[in-house]
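**Student:** Input: one structure, supplied below.
The values are calculated or read from the model by the stated rules, or taken from the named source; none is laboratory data. Predicted model, so just to flag it, every value in this text is computed and none were measured. Backbone-built Cβ (ideal geometry, glycine too); neighbour counts: all protein chains shown.
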């Protein structure tokens, strides 16, 4: 916790409030409450000193010229239903209110409690093009406003004066906010391109929340998007949360027909983007998502995406185009969409109009998919629509080249349900991969039902995948007898075990949580996510857990500092979080509390916490966090390991050997990322398993197929560069 002390000194303020009124007079008024001006134009020409406020009295104002608002000057109305400003100016890019400055200017100002009306009626009867245009300024807040009926765009936030930069422009507007606004009928699709109700470019740390933005009032193929990039995007640390966003249902029979798409949010060149707790009718489309200096490229969580009733044409859920790094998609509900998550790649050397700053092609290419995770999402009523389009749960597409480059894709604890009578053929689809290279793909703890061809498919004639782990999934009522299809042969280093083909027993046909008698409860594998039973359940929701705690743990790390162990963890959004109990173990199984840190309570930004263990155990110390909310509910974090002194080394925590399934599941604790050798040896000295594994810091769950093991005692041997650990384990039926 950081405490700020504010020193209050003596001084005076010259801030003043000036007034406009429908009965005012621009020629004889002085802006006082008793002698107001008549127009906003007059007020913005006259009131230029920072700290002053223009108050718009109740009434309707007809503005014939653009108003240019000075830095530091505020505009406030009496309420958006009372103070209404209509644009009478016409012509291309005519603007009702402009806030225009050179780069890197702090506006320190707000616009609130007003209606801005561009008087659009139809394609031949309209007046003003743009409502509010902010250029070069940061710390500008637009809130509690209605922005309606502009032919072209509702609001633009442009962080610099560069025109469609193809490289990072280097100048960003910092700290802008757009919240609690209603934006309606103020974005167009003209057949060549679409515009946005809200258009953002070159923004850092911008917050967009609590808004209702709806664009569905115009004829088919002529509605724009709710949120759209401006000047090629370039957005860092932007947060979009708690909004209701609606795009007109897509009417095309193929993607991009008449310049239209199903996008509700479309953004380009993003880093550290967070999209959360929104209700979205339409899709999310992100292009060139990079991690940069943030802990994620994009974090998309706790959103509701999809339409009721369903659109009979194709509509997407979440689309990631070109490069996508460290994207975390979790705890979303996507209902009545054709594709849940789709990666739209291009050939390795296709830069999409954004060249590599250093020239040439970046590592992995311009469509590199690096360390992306899709977890704890419900994808329900996935459907195949009219015409042509994409339908799947998770799919990697190539728009040319079929040479996708993937390193690290995790698909964990999701529930995928195909729509009866309109089911897609495949749920998880890598069938465009034959000229590419995919490695470190993990598909675990998912439930997949109702796909007609297969639940998991690879490409032909080359699979072009390696280090693929497919375990502890339940595939039920899918084609190909509920088994994957690898027409080009199994991936290299392929692990496939502990997968079920049973009815998961959902609560109902519309409630995809598990019944108490579900056969997939406790049948998952521990991958570091919280669970409530003896083992994780399969699917998106733990049985009887209630809603997940509204706390997202972005990272949990530890390091040794002499005779102390230093722990650090970072949370994203927190809601009603009470405290963290820090727990320690000598063996990774039995934990005891060693400390407590009070939580932030509720927070919409990243919060960093620290704890010091002043008396660590010798050897490896295992730590986890018990996260407790104000209702007393608890979730445990993943376990990390910290090596204390020379005795710290990797060790076997537990081993489960099954004669009936010919499977070995071994839990290994490691203080660091390292390669190790793993072997299973019977009591006669015969080597039954000898393999190389990659360990990560903390508890690693290693599953391997082994020959049928008679009931008996076996030696498990772990060899690392620092030590050898041998434990005995018994096999069971």
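**Student:** Residue check: is residue 312 free of Cβ contacts under 8 Å to residues at least 40 places away in the same chain and surrounded by fewer than 22 Cβ atoms within 10 Å (Cβ to Cβ)?
**Tutor:** Considered against the rule, which asks whether it is free of Cβ contacts under 8 Å to residues at least 40 places away in the same chain and surrounded by fewer than 22 Cβ atoms within 10 Å (Cβ to Cβ), residue 312 comes out as no.
**Student:** In addition: Identify, by number, the condition in (1) surrounded by fewer than 23 Cβ atoms within 10 Å (Cβ to Cβ); (2) in contact with a strand residue (DSSP E or B) (Cβ under 7 Å, 6 or more places away or on another chain); (3) not in a strand (DSSP E or B) that residue 287 doesn't meet.
**Tutor:** (3)
**Student:** Residue under question is residue 502, and the condition is that it be outside the structural domain of residue 695 (by TED's automatic domain parsing) and within 19 Å of residue 417 (Cβ to Cβ); does it hold?
**Tutor:** So residue 502 passes the test.
**Student:** In the set 618, 629, which member is in contact with a helix residue (DSSP H, G or I) (Cβ under 8 Å, 6 or more places away or on another chain) and farther than 28 Å from residue 439 by Cβ?
**Tutor:** 618
**Student:** It is to be established whether one or more residues within the range 419-428 are assigned to a strand (DSSP E or B), touching a strand residue (DSSP E or B) at 6+ places or on another chain (Cβ under 7 Å), surrounded by fewer than 24 Cβ atoms within 10 Å (Cβ to Cβ) and modelled with pLDDT of 95 or more.
**Tutor:** No - not one qualifying residue is present in the range 419-428.
**Student:** On to the next question. Go through the range 235-256 residue by residue and tally those that are assigned to a strand (DSSP E or B) and more than 27 Å from residue 312 (Cα to Cα).
**Tutor:** Number of matching residues: 5.
**Student:** Next up: Considering only strands (runs of 3 or more DSSP E) fully contained in the range 160-216, which possess at least 2 residues that are over 23 Å from the mean Cα position of the chain (by Cα)?
**Tutor:** The qualifying strands (runs of 3 or more DSSP E) are 182-184.
**Student:** From the residues in the range 293-309 that are under 17 Å from residue 333 (Cβ atoms) and surrounded by 18 or more Cβ atoms within 10 Å (Cβ to Cβ), which one is farthest from the chain's Cα centre (by Cα)?
**Tutor:** Among those residues, the one meeting the criterion is 307.
**Student:** So which of 343, 354 is outside any loop (DSSP other than H, G, I, E, B) and out of contact with any helix residue (DSSP H, G or I) (no Cβ under 6 Å at 6 or more places or on another chain)?
**Tutor:** Result of the check over 343, 354: 343.
**Student:** Look through 402, 372, 410, 432 and report the one residue that is surrounded by fewer than 23 Cβ atoms within 10 Å (Cβ to Cβ), assigned to a strand (DSSP E or B) and either without any contact (Cβ under 8 Å) to a residue 60 or more places away in the chain or touching a strand residue (DSSP E or B) at 6+ places or on another chain (Cβ under 7 Å) (or both).
**Tutor:** None of the others qualify; the one that does is 410.
**Student:** Against the definition (assigned to a strand (DSSP E or B), at pLDDT 80 or above and not assigned by TED's automatic domain parsing to the domain that holds residue 569), how does residue 678 come out, yes or no?
**Tutor:** So residue 678 fits the description; yes.
**Student:** Can you give me the number of residues within the range 117-133 that are crowded, with 20+ Cβ neighbours inside 10 Å and either in contact with a helix residue (DSSP H, G or I) (Cβ under 7 Å, 6 or more places away or on another chain) or closer than 13 Å to residue 94 by Cβ (or both)?
**Tutor:** Result for the range 117-133: 9.
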